[in-house]
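Readers should treat all values here as calculations from the given coordinates under stated rules, not as data from a laboratory. All figures in this text were calculated on a predicted structure; none of them were measured in a lab. Every residue, glycine as well, gets a Cβ built from its backbone with ideal geometry; the counts of neighbours run over all protein chains shown.
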Amino acid sequence: MNSSSAAENLQVIRTLMERAALYRRALAPIMLLAGGIGVLAGVVALLLRVENLHTFCALWFGVAAVAVAGAFLLARLQSLKDREPLWSPPTRRVAQAMAPPLTIGFLSGVLAFTTAANDDTADVILPLVWMLCYGCALHAAGFFVPRGIRLLGWFFILGACGVFAVWLCSGRPRDAVTANIVMGVFFGAVHLAYGACLAWTENRKVAA
Amino acid sequence: MNPEPISQLDRVIHEKGRLAIMSLLAATAKLSFTELRDTLGMTDGNITTHIRTLQEAGYVAVTKSFEGSRPLTTCALTEPGRKAFASYINLLEQIVQRARQ
């Protein structure tokens, strides 16, 4: 073996080790849980006519908190089952990649909540900002997660652009119903569909 | 005097397919047979042969269990396997450094 093939072997080892260190933990159950909570919250928001901006922000912040807590619990359970540390290097990379856009999304919600007047109505702009931030977060995490999560990120980003275009063209006024539907569909139904797709393909892989 | 690093390279690890398997397993606690096969794009027969060789050398531990009703085979590096892989990498680095000098 000469030095160039030794260097080549080292490069191959590095590439394979990076590929193996992708985040693989409980993605399908986390997506299904987040989707289920999102759909439920969307239905509740429509039934209870959540229209006030303060109530809208509080409801969806609460939903996000429950979904994050549930995701943490699922990841923790899987790490205990597999006898792996929860805060593993892949988990750390995913968290670091998602943190900046999620922080912007959180701050935009806080800003909307704190600056809104008591009788302000929620409209579709805040959900679109959240979708854009979340889409960017998924896309960034996609570099450390297998299986098309970057595509899901693009789906959120392009979905936000599409909804904004339709909303502009339709000339609809400030409308909390549309806002709740957008939240329920994208943060609920889309997550559910993606989680179901992941679970189905995982089962097929195990069966193979 | 140190012998040439090339002569010390572990022949079990030095084969391309086994090196790939060892690299993947070194980066994670364990991987299923299916994940290894899909990541490396090897055939079932090929990967089974390599894993058996690594298992016989004591570098890889294979565990068979069930996920639901389906059988699940997982592979992990053993402690001697981890040490052998680390020293293999050290030797490769020595070869590269000697060439640079």
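Data for the structure
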quantity	calculated
From phi via Karplus (6.51, -1.76, 1.60), per-residue ³J(HN,Hα) for the stretch B:43-54 in Hz, x at Gly/Pro	7, 4, x, 4, 5, 4, 4, 5, 5, 4, 4, 5
Selected from A:LEU158, A:ALA112, A:ALA41, residue furthest toward positive end of dipole (the stretch A:25-207; charges at beta carbon)	A:LEU158
Over the protein assembly as shown: helical MRE at 222 nm, DSSP H runs n ≥ 4 each giving -39500 (n - 2.57), nearest 500	-24000 deg cm²/dmol
Exposure rule at most 11 other beta-carbon atoms within 10 Å, DSSP loop trypsin sites (Lys or Arg not before Pro): chain A longest free segment	A:84-208
Nearest-20 debye value, the stretch B:5-93 charge dipole, Cβ charges on Lys, Arg, Asp, Glu	100
Kirkwood Rh in Å, taken over the stretch A:93-208 so that all alpha-carbon pairs contribute	15.5
Phi to ³J(HN,Hα) by Karplus 6.51 cos²θ - 1.76 cosθ + 1.60 over the stretch A:188-198, Hz, x for Gly, Pro	x, 4, 5, 4, 4, 4, 5, x, 5, 4, 4
In nm, spacing of pseudo-spin labels at A:GLN78 and A:LEU46 (7 Å Cα→C-beta vector)	3.0
Neighbouring partner chain Cβ atoms per residue of B:24-34, average, 10 Å criterion	5
Spread of Cα-to-Cα distances over 10 Å intervals beginning at zero, given as percent, for the stretch B:5-93	17, 52, 25, 5, 1
Cβ-based exposure ranking for B:MET42, A:MET183, in which fewest neighbours within 10 Å come first	B:MET42, A:MET183
With 10 Å bins from 0: P(r) over the protein assembly as shown, alpha-carbon pairs, percent	6, 22, 26, 18, 14, 9, 5, 1, 0
GNM result for chain B, Cα springs below 10 Å: residue of B:ARG37, B:ARG11, B:ARG70 fluctuating most strongly	B:ARG70
Phi to ³J(HN,Hα) by Karplus 6.51 cos²θ - 1.76 cosθ + 1.60 over the stretch B:92-98, Hz, x for Gly, Pro	4, 5, 4, 4, 5, 5, 4
Degrees separating the helix A:53-82 axis from the principal Cα axis of chain A, which is the longest one	20
A:VAL166/B:GLU4 FRET efficiency (R0 51 Å; Cβ-Cβ; nearest 0.05)	0.15
In nm, spacing of pseudo-spin labels at A:TRP200 and B:SER32 (7 Å Cα→C-beta vector)	1.8
Kirkwood hydrodynamic radius of the stretch A:111-156, from inverse mean 1/r over distinct Cα pairs, in Å	12.0
